[in-house]
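**Student:** Just dropping this structure here.
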Amino acid sequence: MKLEQKNKRLEDYLEQTDLVNYHHPAIKARNRQLVSDKNSELEMIEVCYLFVRDQIHHSNDIGGHRITKNAAEVLAYGQGMCYAKTMLLAALLRLNRIPTGFCYQSLLTKEAPPLRHTVHALNAVFLSQEKRWLRLDPRGNNQTCQANFNPREPYHERLAY
């Protein structure tokens with residue numbers, strides 16, 4: 001799938017916002033822990049992605065009821081819905097000067113009849129060496145969702161849905 005860059009300026013995907021608040025001290029500290037020994041862009045992407053996917057719980061998976069409203073809250077509480085987890089991944093990657101945006105999937109769920117429509121959020125990161133975008137899904141794996149990122153095969157997307 002070819003991703004379309006909505007904003008013409010790549011710098012727009014490096015901005016700090018109220019939701020992607022990467023200047024927060026806790027995000028900076030976690031970032032130092034994660035990437036201090038990483039030498040390449042792909043290594044930084046992988047370690048940040050795996051942290052958010054595996055260490056930050058998807059609220060539905062744990063029966064969580066907390067509403068996390070920005071990246072710092074997601075980190076502080078260790079949970080969030082897909083939208084919240086994408087904010088944290090964007091914050092960590094943007095802090096490392098890796099352009100990161102947001103993507104959305106329209107899904108029909110069969111969990112509770114009748115079929116329900118839902119929107120799922122995920123990220124897109126710009127791979128500077130290849131000059132292209134790659135989607136990453138930090139939702140978190142469970143029995144029905146398996147998302148992965150293999151930095152040695154960056155052209156292979158493995159999304160939760």
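The values are calculated or read from the model by the stated rules, or taken from the named source; none is laboratory data. Predicted model, so just to flag it, every value in this text is computed and none were measured. Every residue, glycine among them, receives a Cβ derived from its backbone with ideal geometry; neighbour counts consider all protein chains shown. Keep in mind that these areas ignore ligands, DNA and RNA; they rest on the heavy atoms of the full protein, side chains included. Shrake-Rupley method; radii C 1.70, N 1.55, O 1.52, S 1.80 Å.
**Student:** Can you report the number of residues in segment 1-37 which are closer than 13 Å to M87 by Cα and either among the charged types (D, E, K, R) or touching a Gly at 6+ places or on another chain (Cβ under 8 Å) (or both)?
**Tutor:** 3
**Student:** Let me ask you something else. I need the full set of residues from segment 36-50 which are out of contact with any Lys or Arg (no Cβ under 8 Å at 6 or more places or on another chain) and either at positive phi or free of Cβ contacts under 8 Å to residues at least 24 places away in the same chain (or both), in order please.
**Tutor:** S36, D37, K38, N39, S40
**Student:** Follow-up question, since we're still on this one. Just one of R30, R94 is of a type in the set (D, E, K, R) and open to solvent by less than 70 Å² (accessible area, probe 1.4 Å); which is it?
**Tutor:** None of the others qualify; the one that does is R94.
**Student:** For a quick check of your reading of the model, give me the residue pairs whose first member lies in segment 51-77 and is small (G, A, S) and open to solvent by 50 Å² or more (accessible area, probe 1.4 Å), whose second is at pLDDT 95 or above and assigned to a helix (DSSP H, G or I), with beta-carbon atoms closer than 8 Å and at least 6 apart or on different chains.
**Tutor:** A76/A26
**Student:** Can you confirm whether Y13 is among the hydroxyl-bearing types (S, T, Y) and part of a helix (DSSP H, G or I)?
**Tutor:** Yes; evaluated as a whole, the condition is true for this residue.
Okay, residues lined up against (1) open to solvent by 40 Å² or more (accessible area, probe 1.4 Å); (2) modelled with pLDDT of 90 or more:
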{"site": "A90", "(1), (2)": "no, yes"}
{"site": "P99", "(1), (2)": "no, yes"}
{"site": "E111", "(1), (2)": "yes, no"}
{"site": "E130", "(1), (2)": "yes, no"}
{"site": "L134", "(1), (2)": "no, no"}
{"site": "P138", "(1), (2)": "no, yes"}
{"site": "N141", "(1), (2)": "yes, no"}
{"site": "F149", "(1), (2)": "no, no"}
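**Student:** Can I ask one more? Out of the residues in segment 6-27 that are aliphatic (A, V, I, L, M) and open to solvent by 40 Å² or more (accessible area, probe 1.4 Å), which is nearest to F126 (Cα to Cα)?
**Tutor:** Among residues in segment 6-27 that are aliphatic (A, V, I, L, M) and open to solvent by 40 Å² or more (accessible area, probe 1.4 Å), the one nearest to F126 (Cα to Cα) is L10.
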